[in-house]
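A.B. asks: Encoded as structure tokens, here's the structure I'll be asking about.
The values are calculated or read from the model by the stated rules, or taken from the named source; none is laboratory data. Everything numeric here is computed off the predicted structure, so don't read it as measured data. A quick note on method: Cβ atoms are made from the backbone with ideal geometry, for glycine too, and the neighbour counts reach across all protein chains shown. Please note that ligands, DNA and RNA were not included when accessible areas were found on the heavy atoms of the full protein model with its side chains. Shrake-Rupley method; radii C 1.70, N 1.55, O 1.52, S 1.80 Å.
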Amino acid sequence: MHPFENFARDLHYAVRQLSRSRGFALTAILTLALGIGANSAIFSIVEAVLLRPLPYQHPERLVVVWQTDAAHRDSGAYFNSYREFDLWTQHSISFEKLAALTWATGPKTLLWQGKPLDALTIPASVDFFSMLGVSAQLGRTFAPRDLQSGCTVVLAYNFWMRKLGAPADIVGRSLSFRDASCVVSGVMPKTFSFYPVATDAWSLMTPTGEFAKKPWNSMTGVFGLLKPGVTRAAAESELTAIQARVLPEAPADLKMMRGLSPDVLDLQSNFTWLAGRNLRKGLWLLLAASSLILLTAALIVGSLLVARSSARSRELAMRVAIGASSNHLVLQALTESVVLGFVGSVAGLALAALLIQWFRAASPIELPPGTDLSIDWSVLLFSAACGIVSSIIFALFPAWRGMRVDPTAALKFSAPSVAAASLRATSSLVVIQIALSMVLLAGAVLVSESLWRLADENLGYRTDHLFTASIDLPQDTYAGPTARNQFADRLQSQLTSIPGARSVTLGSNYVPRGMNQLSVAGQPENQSFNVATQDIGSSGFSTLGIPLLRGRAFNASDRKDTQPVAIVNQALARQFFPSGDPLQHAIKLGPAGNPANPWLTIVGVVADVKTTTVFPEMGYVEQPALYRPLAQSSPPSLTLMIAVNGSPTSLVADLQQRLSALDANLLLSNIDGLRAEQAAAMAQPRFRSILPAGFAGLALILALVGLYGVLSQSVARRTHDIGIRMALGADRARVVRSVLGQACALAIVGVFIGVAAAAAAIHFVQGMFYGVTAYGTVELSVSAAALLIVAIFAAGCPAFRAASIDPLTALRNE
């Protein structure tokens, strides 16, 4: 017979056999689908984020240049100055192109059709788009001739479509920003994105702009396209040498730059790091966890196949007795497994597609720019391989047993060796399932507890029932401190009369930000650059609930024409005044000899607040902080912070109306920004908590199914034995204890193996936990107890079924 005809016959027979055992087939297919679906969805994310090249020309040669110190060699730590970028552009021979781009400037307000509109506009140099090898969808990107123009912008597709209404004649039109009128040269394609993903427009850095006028004080990222054959190490050495020649020119207040050096990093890896400090490690761990789920599902299917093989031992023996070859029995068993694997793969792929669609709609975490989540050919191959290969692997044992079947022994009703071998095999598989479930459950408990501790941490300031928003004050209208102070006073008086507002303050930010040098009168010049600052109104500490520990708070007498004062936190007091009282001491931001910054008299000490920084994702810092009176600092943008009785967002309409009454061209932006900022900080940890928790729950269900299956098989195979024991006087309670003991024995062995594996795994992921003990002893104990409870629950039904066996019926059937 032709091989194809043999295969078609085996395939038809396999489908017919599986259709007769619909319960077995449905259980196996659903189990595989769950494992394959979860694994394929996570693999799709891993492939899109970590394995697929960036959607730019020559992505393997694209790099980013940051300034770094010894502690941050693999991530970069600081922006570069525009002066350094300018020199590198002139003298470097390692790059085909270098481009500058910075997100350290904040959003701008655009007047569109007579109404203010918030636009995140990112300054970029002329070669930015050409370095990436991308073109505009409408119009063009930056060209050298634009350098002679006043202002040129390229728009992001979503901004043009959603906020501007997609005007077809946008190219060549002028957009009125607060500080300039900018000509639109083009609109980028919908698929184009760069960091930050929320960018609305890119504005061109020109030779007459602020960056060129203040090259040392203008901070920017530098991106480059290496020449073919040039390594990152070689380019880094060249940039370091060029930078060393110009650093002596740096102003005194930028002396910290002399201790930094260029760090040339792969652009794709750095994008991943910027999206989430632990994103790379987290995705690999999630893929490992989903692989454990797939392995557990395959073990379940293997257990079902072994049990099915044992149940069909008489059928196989009969077929051998009438002339079927062992090879044909193996091929038949493998054909059934391939059918199960194929159908399970298709169902799993459908589940993966639904999960990816949900992920794209929900956007639970920030992904790097250029990430396009989709199921491509690699995911298809991965899913098919997962289903079919796992099914074949776990069908090998039943197939091997089919080759060794003894027709004479198998045709006897009292052949216990067949059932015993099957039971030993399925018991071993269940132990492995429980061990894998233990690893997943322990990991889920640890990351969930870590997230709970992180979210429940007392940050030292009010975070609930607090409305926050920002206002950008255009320089053409509010050019000087006097104008900004007068506006802040009028706004403060308007805000205090808002219904439902308990306390109102204005500031430069929600919490202290930045890394500044601090000088203390009478002390040697400090080389540390770790002091954060915040300008805040006189009611700021009471509004935010920050306790005043010593001295006084700011008041109405702290004005521009009075003695400059400051309030410091405990961390600053400990670092700079370890053995004395900081009150009435004189301090200054920057070098002591810098006349641009005044000496400030410390009038108070407040408690520390916990803030996040760009480096540790799982944790907070209590950074030394200096607070200045808002009236003495007059920042160019204001942050509103209002403690309210009800929902913070209910104030938006009233606030915007009051703001428009003061200045019709001003717009509330970054509404509820503090909450959004905190949610963003929690997004990655929450994602790493929810998915493992789901995997752990799925693993528990699979462990329950596996235990139930092996115990049910054990009871069915031991019906005669149990009947004899009950006929000889064994009571029902003893039979129940026997089955429960078997379940607990399997669970205990699996738990011990799982605890060892989980303890080893915890060691490698310590940086992803917060507030959890080194070895997670309590968490491991809780996980072990949960699995034992599952084992007892799984044994309940088989145990009581065994206890209800009628001895006479069991002996008569035997």
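A.B. asks: Which cysteines in the chain lack any other cysteine whose Cβ sits under 4.7 Å from their own Cβ?
C.D. replies: Result for the chain is Cys386, Cys744, Cys797, no neighbouring Cys Cβ within the cutoff.
A.B. asks: Helix 326-362 versus the longest principal axis of the chain: what is the Cα-based angle in degrees, 0 to 90, to the nearest 10?
C.D. replies: Orientation of helix 326-362: about 30 degrees from the principal axis.
A.B. asks: For Asn158 and Trp216 in the same chain, what is the full-extension length gain: residue separation times 0.36 nm, less their Cα-Cα distance, in nm? Before the final figure, lay out the partial values.
C.D. replies: On the way: separation 58, 0.36 × 58 = 20.88 nm, distance 3.36 nm.
This chain segment gains 17.5 nm when fully extended.
A.B. asks: Oh, and also: What spacing in nm lies between the two simple spin-label points modelled at Arg462 and Ser660, each 7 Å away from Cα in the Cβ direction?
C.D. replies: 2.7
A.B. asks: Right, something else. Working with all protein chains in place, sort Tyr708, Tyr56 by solvent-accessible area computed with a 1.4 Å probe, largest first. Intermediate results must be reported in sequence, preceding the final value.
C.D. replies: Working: Tyr708 90, Tyr56 20 Å².
The ordering from most to least exposed comes out as Tyr708, Tyr56.
A.B. asks: Okay, moving on. Each residue of region 495-510 in turn: what ³J(HN,Hα) in whole Hz from Karplus with 6.51, -1.76, 1.60 and θ = phi - 60°, glycine and Pro shown as x?
C.D. replies: 6, 5, 9, 6, x, x, 8, 7, 7, 10, 8, 10, x, 8, 6, 6
A.B. asks: Once the cut-off is 22 Å, how many percent of the Cα-Cα pairs in region 92-175 end up in the long-distance tail? Don't jump to the answer; show the numbers that get you there.
C.D. replies: Working: 1115 of 3486 pairs.
Tail of P(r) above 22 Å: 32 percent of Cα pairs.
A.B. asks: Further, regarding this structure: When the C-alpha atoms of region 587-680 are aligned to their principal axes, what extent does each axis show, in angstrom, from largest down?
C.D. replies: So the three principal-axis extents are 47, 38, 24 Å.
A.B. asks: Considering amide H positions built from the backbone, and no H for Pro or chain starts, which residues 5 or more places from Leu626, or on another chain, come under 5 Å of its amide H?
C.D. replies: The list, which skips near neighbours in sequence, is Ala532, Thr533, Gln534.
A.B. asks: Further question: Probe radius 1.4 Å, ligands and nucleic acids ignored: give me the carbon and sulfur share of the accessible area of the chain as a rounded percent.
C.D. replies: On the way: 21450 of 35360 Å².
Ligands and nucleic acids excluded, carbon and sulfur reach 61 percent.
A.B. asks: Leaving ligands, DNA and RNA out of it, work out the accessible area of Cys151 with a 1.4 Å probe and give it in Å² to the nearest 10.
C.D. replies: Around 20 Å² of this residue is reachable by solvent.
A.B. asks: Amide H of His58 versus every other amide H placed in the peptide plane: which residues, excluding those fewer than 5 positions away on the same chain, fall under 5 Å?
C.D. replies: Result for His58 returns nothing.
A.B. asks: Sort 783-790, 492-499, 623-630 by the packing proxy (mean of other Cβ within 10 Å over each peptide's residues), most packed first. Don't skip to the answer; put the middle values down first.
C.D. replies: On the way: 783-790: 19.0, 492-499: 14.2, 623-630: 24.4.
Going by the mean number of other Cβ atoms within 10 Å, highest first, we get 623-630, 783-790, 492-499.
A.B. asks: Let me ask something else. Across region 470-564, how large is the tail of the calculated P(r) beyond 15 Å, expressed as a percent of all Cα pairs?
C.D. replies: Numbers: 3250 of 4465 pairs.
The proportion of pairs with Cα distances above 15 Å equals 73 percent.
A.B. asks: Can I ask one more? Do you know the relative contact order of region 591-714, to the nearest whole percent, from alpha carbon pairs under 8 angstrom that are 6+ apart? Don't skip to the end; give the middle numbers.
C.D. replies: Working: 30 pairs, mean separation 17.0, N = 124.
Once normalised by length, the contact order is 14 percent.
A.B. asks: Taking a probe of 1.4 angstrom, what is the accessible area of Trp284 in Å², to the nearest 10?
C.D. replies: Approximately 110 Å² of Trp284 is accessible to the 1.4 Å probe.
A.B. asks: Please list, in order along region 451-466, the HN-Hα scalar couplings obtained from phi with the Karplus expression 6.51 cos²θ - 1.76 cosθ + 1.60 (θ = phi - 60°), rounded to whole Hz, x for Gly and Pro.
C.D. replies: So the J values, rounded to whole Hz, are 5, 4, 5, 5, 6, 8, 5, 6, 7, x, 8, 5, 10, 9, 6, 10.
A.B. asks: Rg (Å, one decimal) plus Dmax (Å, integer) for the alpha carbons of region 560-604?
C.D. replies: Reported Rg and Dmax, both Å: 11.0, 33.
A.B. asks: With every protein chain left in place and a probe of 1.4 Å, what is the accessible surface of Glu96, to the nearest 10 Å²?
C.D. replies: 90
A.B. asks: Here's a follow-up. How long is the gain from Ser374 to Ala521 if the chain were fully straight, where each residue apart is worth 0.36 nm and the alpha carbon distance is subtracted? Don't jump to the answer; show the numbers that get you there.
C.D. replies: Values: separation 147, 0.36 × 147 = 52.92 nm, distance 6.01 nm.
Working it through step by step, the gained length comes to 46.9 nm.
A.B. asks: Would you mind checking which residues have amide H under 5 Å from Ser261's amide H? H placed 1.01 Å from N; only 5 or more apart, or other chain.
C.D. replies: Thr68
A.B. asks: Within region 331-373, name every residue whose backbone N is under 15 Å away from a label modeled 7 Å from Cα of Val614 along the Cβ vector.
C.D. replies: Counting only backbone N, you get no residues.
A.B. asks: Arranged from highest to lowest average of other beta-carbon atoms within 10 Å per residue, in what order do the peptides 442-455, 541-554 appear? It would help to have the intermediate numbers written out before the result.
C.D. replies: Values: 442-455: 21.4, 541-554: 17.5.
Those peptides, ordered most packed to least, come out 442-455, 541-554.
A.B. asks: Another question, if that's okay. For Gln57 and Arg145, FRET efficiency with R0 = 30 Å and r from the beta-carbon atoms, rounded to 0.05?
C.D. replies: 0.85
A.B. asks: What spacing in nm lies between the two simple spin-label points modelled at Ser21 and Thr777, each 7 Å away from Cα in the Cβ direction?
C.D. replies: Label-label distance for Ser21 and Thr777, simple model: 4.7 nm.
A.B. asks: Under a point spin-label approximation (7 Å from Cα along Cα-to-Cβ), what is the Ser650-Val183 distance to one decimal in nm?
C.D. replies: So the two model labels end up 5.1 nm from each other.
A.B. asks: Per residue of region 146-152, what does 6.51 cos²θ - 1.76 cosθ + 1.60 with θ = phi - 60° give for ³J(HN,Hα)? Whole Hz please, x for Gly and Pro, Karplus curve as stated.
C.D. replies: Per residue, the Karplus-derived 3J(HN,Hα) values read 5, 5, 8, 8, x, 7, 10 Hz.
A.B. asks: Also, I was wondering about something else. Any idea what % of Cα-Cα pairs in region 156-303 are farther than 26 Å?
C.D. replies: On the way: 6125 of 10878 pairs.
The proportion of pairs with Cα distances above 26 Å equals 56 percent.
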